[in-house]
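First up is the structure itself, then whatever we jot down about it.
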Amino acid sequence: MKRPVLIIMCVCCAISSCIKEDRSDCPCYLSVDLSQIEIEYIDKVDLVMSASDVSEAQWISVERSFIGDTLVVPVKRREFDLCAWGNLKGSQVDTHTNSIISADRPDSLWSSYHHVSARCEDAYVKVTPQRRFIPVTIIVRGMISSVVDIEPVLTQVSSGFDFNGNPAGKLAVTHPKLTHTPDSEADYYTFESLLLNQPSATDAGLELTYSSGGRERRTSYPLGRMLLEEGEDISLANGNPVVVDLVLGQGNIFLTIEIEQWQAHDVIDITF
Amino acid sequence: MKGKLLLAVIALSMVSCVPALASGANGRYLLSTNIPDWATLATINCEFQGALDCHWSIAAGVKYNPFKYFCGATSQTHLRQVTPSAGVRYWFGGAFDGWYAGVSLLAGEYSVSLPKSDMFFEGFLYGSSVCGGYLLPVSDRFALAFGAGVALAHHNTTFYQGPVCGRRKGGSSGIAVFPSDIVLSLVLNLGR
């Protein structure tokens, strides 16, 4: 009598493992907190979940109605890197370099990077967007009545970012948009563009080309170094807008730089 | 882990009753199975009793239900459990004769998914139960038992939104009082 009772009791302990559902193959429910994103200046969010290869990455485009709220996403149980991109519109994914490239049309990019451990039932990540661009306004004035074909050009060493948030991509040449032509009230040209965060503070340049007296003139400036001298480091996120004031004189150009305070309404309208 | 530990404790307490059974005054043993448990989604159950003296007996049993029904991509129905119990009973007339009352320890692991509901919960409980009933002999070997039991147990339950990889919705724990048995058992007399 003792042995059968003992066997039955041992079986009880063993079969208790067969009662609860095996959830090891179930997804982890990742709560992505988007409450820190202000819809005033980020109107599109893309979430990229990847391990090491962007070709295996899981992309989720977040609808505008979820911005400012918390999104619950079922993900495979694993550890992975999460990149949240704001305003990713014209940029393209380069699968060879595992990066996002803006080329000559930089988006007003925001980004947030996280390492997520999604190995159990639930996980949580809070997206804290960082601004990865600097609005640049170029004003050209002075002896502008005697010049034609004024064209500023911005050069950037890096035109995008990899999935770890580091500047990546090739040299980019950006043609700022003409937003104001001289009139009776404001006798100057205004051009607007964006500078993306660069690998180092000196990796940006400004070139001004114009024609005067039938001759084409071209002047180059180490814009990145000049901004650094004014206290603006283009390798850091959340940089302030800059205004480059070029005054054309008799055979020379006077350049001054002003650093402004960040204002959200400047961002969305910059398009090409 | 804690659940398996408690199940092992109850199993050991049941095994420790065996010497008492072997030296029981009457050498009488009963083996029974409860019909309402079988009707509850085919819960396999059995209980063993051994007389200690003229009025006292020990009882040890287990309920086991591993089955799932109407399994679909997102839903299923089941009342899975493994619940061993062990305790003593007092027989007012004589051992295995007439009215009885008893108390038991119990522990159990459960997983419940109800039909037409997207709620699903699992958990573990441990506690004790009291029971009472009447044994009615119908022949030399067979009898019918009628009775009921109430349990007081501590439970730890987790709720999910659906049984098939549903999202965890929260949990609850605490003391619960619930009917542990509705007894309508077929009883087999194994002893003299």
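The values are calculated or read from the model by the stated rules, or taken from the named source; none is laboratory data. The structure presented is a predicted model; accordingly, all values stated were derived computationally and were not measured. Neighbour counts are summed over all protein chains in view; Cβ atoms, including those assigned to glycine, are modelled from backbone coordinates with ideal geometry.
In contact with a strand residue (DSSP E or B) (Cβ under 9 Å, 6 or more places away or on another chain), among the hydrophobic types (A, V, I, L, M, F, W, C), in a strand (DSSP E or B) and touching a residue at least 24 places away in the same chain (Cβ under 8 Å): which single residue out of B:Leu136, B:Leu188 fits that description?
B:Leu188
So which of A:Val125, A:Val148, A:Val116, A:Val173 is at pLDDT 80 or above, more than 17 Å from A:Leu206 (Cβ to Cβ), in a strand (DSSP E or B) and in contact with a Ser or Thr (Cβ under 7 Å, 6 or more places away or on another chain)?
So the residue among A:Val125, A:Val148, A:Val116, A:Val173 that is at pLDDT 80 or above, more than 17 Å from A:Leu206 (Cβ to Cβ), in a strand (DSSP E or B) and in contact with a Ser or Thr (Cβ under 7 Å, 6 or more places away or on another chain) is A:Val148.
Are any of the residues in the range A:163-170 at pLDDT 90 or above and not assigned by TED's automatic domain parsing to the domain that holds A:Ser91?
no
One line per residue, one yes/no per condition, for (1) surrounded by 14 or more Cβ atoms within 10 Å (Cβ to Cβ); (2) out of contact with any Cys (no Cβ under 8 Å at 6 or more places or on another chain); (3) not hydroxyl-bearing (Ser, Thr, Tyr):
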{"position": "A:Ser193", "(1), (2), (3)": "yes, yes, no"}
{"position": "A:Leu206", "(1), (2), (3)": "yes, yes, yes"}
{"position": "A:Thr209", "(1), (2), (3)": "yes, yes, no"}
{"position": "A:Glu216", "(1), (2), (3)": "no, yes, yes"}
{"position": "A:Asp233", "(1), (2), (3)": "yes, yes, yes"}
{"position": "A:Pro241", "(1), (2), (3)": "yes, yes, yes"}
{"position": "A:Asp245", "(1), (2), (3)": "yes, yes, yes"}
{"position": "A:Thr256", "(1), (2), (3)": "no, yes, no"}
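Please find, among B:Thr40, B:Thr83, the residue that is modelled with pLDDT of 85 or more, buried (at least 22 other Cβ atoms within 10 Å of the Cβ) and of a type in the set (Val, Ile, Thr).
B:Thr83
What number of residues within the range B:109-120 are crowded, with 19+ Cβ neighbours inside 10 Å and more than 14 Å from B:Lys63 (Cβ to Cβ)?
Summing the residues that are crowded, with 19+ Cβ neighbours inside 10 Å and more than 14 Å from B:Lys63 (Cβ to Cβ) in the range B:109-120 gives 2.
Report every pair of residues separated by at least 6 positions or lying on different chains whose Cβ atoms are under 7 Å apart, first residue within the range A:105-128 and within 14 Å of another protein chain (Cβ to nearest Cβ), second among the aliphatic types (A, V, I, L, M).
A:Ala118/A:Leu30; A:Ala118/A:Val75; A:Ala123/A:Leu30; A:Ala123/A:Val116
Can you tell which of A:Ser16, A:Ser61, A:Ser55 is in the same structural domain as A:Glu121 (by TED's automatic domain parsing) and either more than 18 Å from the chain's Cα centre (by Cα) or modelled with pLDDT under 80 (or both)?
That would be A:Ser55, the only listed residue that is in the same structural domain as A:Glu121 (by TED's automatic domain parsing) and either more than 18 Å from the chain's Cα centre (by Cα) or modelled with pLDDT under 80 (or both).
Taking the options B:Ala60, B:Ala107, B:Ala101, name whichever one is within 17 Å of the chain's Cα centre (by Cα), under 18 Å from B:Phe146 (Cβ atoms) and in a strand (DSSP E or B).
Sole residue among the options that is within 17 Å of the chain's Cα centre (by Cα), under 18 Å from B:Phe146 (Cβ atoms) and in a strand (DSSP E or B): B:Ala101.
Those residues that are among the hydrophobic types (A, V, I, L, M, F, W, C) and either part of a strand (DSSP E or B) or within 20 Å of the chain's Cα centre (by Cα) (or both), I need them from the range B:155-185; list them, please.
Answer for the range B:155-185, where residues must be among the hydrophobic types (A, V, I, L, M, F, W, C) and either part of a strand (DSSP E or B) or within 20 Å of the chain's Cα centre (by Cα) (or both): B:Phe159, B:Ile175, B:Ala176, B:Val177, B:Phe178, B:Ile182, B:Val183, B:Leu184.
For A:Met49, only one of the following conditions fails: (1) modelled with pLDDT under 85; (2) in contact with a strand residue (DSSP E or B) (Cβ under 8 Å, 6 or more places away or on another chain); (3) away from chain B (no Cβ under 14 Å). What is its number?
All conditions pass for A:Met49, except number (1).
This table checks each residue for (1) facing chain A (nearest Cβ under 10 Å); (2) crowded, with 22+ Cβ neighbours inside 10 Å.
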site: B:Ala51; (1), (2): no, yes
site: B:Cys54; (1), (2): no, no
site: B:Cys71; (1), (2): no, no
site: B:Gln76; (1), (2): yes, no
site: B:Leu79; (1), (2): no, no
site: B:Val88; (1), (2): no, no
site: B:Trp91; (1), (2): no, no
site: B:Ala95; (1), (2): no, yes
